[in-house]
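The values are calculated or read from the model by the stated rules, or taken from the named source; none is laboratory data. None of these values were measured; they are calculated from a predicted model. Positions of Cβ are generated from backbone atoms using ideal geometry, with glycine treated the same way; all protein chains shown enter the neighbour counts.
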């Protein structure tokens, strides 16, 4: 898997201060996408063990609420397989952190995903330019939903 960017102090993609990982690879190709360079699966840098370590260490401070994974699309099969060990590690080492996943796929199509079993929230649905609404928190168009997958335990 490749990734385009890691933001270590993000306040736009979920509540609180977050670490955000922008993965590469997306087959949805939404018109008006804010990150079309990440459509290509080989865009950016290779996600390696050092990248995973960097993300986990960036999540350690108490003032970081959690991790957001965007794209591209984390739910592409190639990305999902590569992200699974990262999410398992976060659940084991940092269970107090929440995990948000942004995807262009509707929840109903991906609800059985192992990634979603480890996530707290999924923001689903394609970005639809005609439904763009900059006043919405944590999403770009009115059709997208913020779905709570599990209650935070801490």
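Of all residues being crowded, with 22+ Cβ neighbours inside 10 Å and either touching a helix residue (DSSP H, G or I) at 6+ places or on another chain (Cβ under 9 Å) or without any contact (Cβ under 8 Å) to a residue 60 or more places away in the chain (or both) in the stretch 91-110, which is nearest to residue 43 (Cα to Cα)? Just the residue, please.
103
Can you find a residue that is surrounded by fewer than 20 Cβ atoms within 10 Å (Cβ to Cβ) and not in a loop (DSSP other than H, G, I, E, B) anywhere in the stretch 11-24?
Within the stretch 11-24, one or more residues are surrounded by fewer than 20 Cβ atoms within 10 Å (Cβ to Cβ) and not in a loop (DSSP other than H, G, I, E, B).
Taking residue 73 as the residue in question, decide whether it is farther than 19 Å from residue 3 by Cα, touching a strand residue (DSSP E or B) at 6+ places or on another chain (Cβ under 9 Å), surrounded by 18 or more Cβ atoms within 10 Å (Cβ to Cβ) and at pLDDT 95 or above.
Answer is no for this residue.
Of all the residues that make up the stretch 31-43, how many are crowded, with 18+ Cβ neighbours inside 10 Å, at pLDDT 85 or above and assigned to a loop (DSSP other than H, G, I, E, B)?
Here is the first cut: in the stretch 31-43, the residues crowded, with 18+ Cβ neighbours inside 10 Å are 33, 38-39, 43.
Now narrow it down to the ones that are at pLDDT 85 or above: 38-39, 43.
This time we only want the ones that are assigned to a loop (DSSP other than H, G, I, E, B), so: 43.
Residues meeting the conditions: 1.
Are there any pairs, at least 6 apart or on different chains, whose C-beta atoms fall under 6 Å, with the first in the stretch 41-64 and touching a residue at least 40 places away in the same chain (Cβ under 8 Å) and at positive phi and the second outside any loop (DSSP other than H, G, I, E, B) and surrounded by 12 or more Cβ atoms within 10 Å (Cβ to Cβ), and if so, which?
Filtered contacts from the stretch 41-64: 44/2; 44/3; 44/4.
Among 54, 108, which is modelled with pLDDT of 95 or more, closer than 14 Å to residue 20 by Cα and assigned to a helix (DSSP H, G or I)?
Exactly one of 54, 108 is modelled with pLDDT of 95 or more, closer than 14 Å to residue 20 by Cα and assigned to a helix (DSSP H, G or I), namely 54.
Output the residues belonging to the stretch 111-138 that are more than 18 Å from residue 69 (Cα to Cα) and either in contact (Cβ under 8 Å) with a residue 24 or more places away in the chain or not in a loop (DSSP other than H, G, I, E, B) (or both).
Selection gives 128, 129, 130, 131, 132.
Across the stretch 1-10, what is the total count of residues that are under 24 Å from residue 81 (Cβ atoms), surrounded by fewer than 20 Cβ atoms within 10 Å (Cβ to Cβ) and touching a helix residue (DSSP H, G or I) at 6+ places or on another chain (Cβ under 7 Å)?
The number of residues fulfilling the criteria is 2.
Tell me, yes or no, whether the stretch 79-90 has at least one residue that is touching a strand residue (DSSP E or B) at 6+ places or on another chain (Cβ under 6 Å) and assigned to a loop (DSSP other than H, G, I, E, B).
no
Output the number of residues of the stretch 116-145 satisfying the condition of being over 19 Å from residue 33 (Cβ atoms) and modelled with pLDDT of 95 or more.
6
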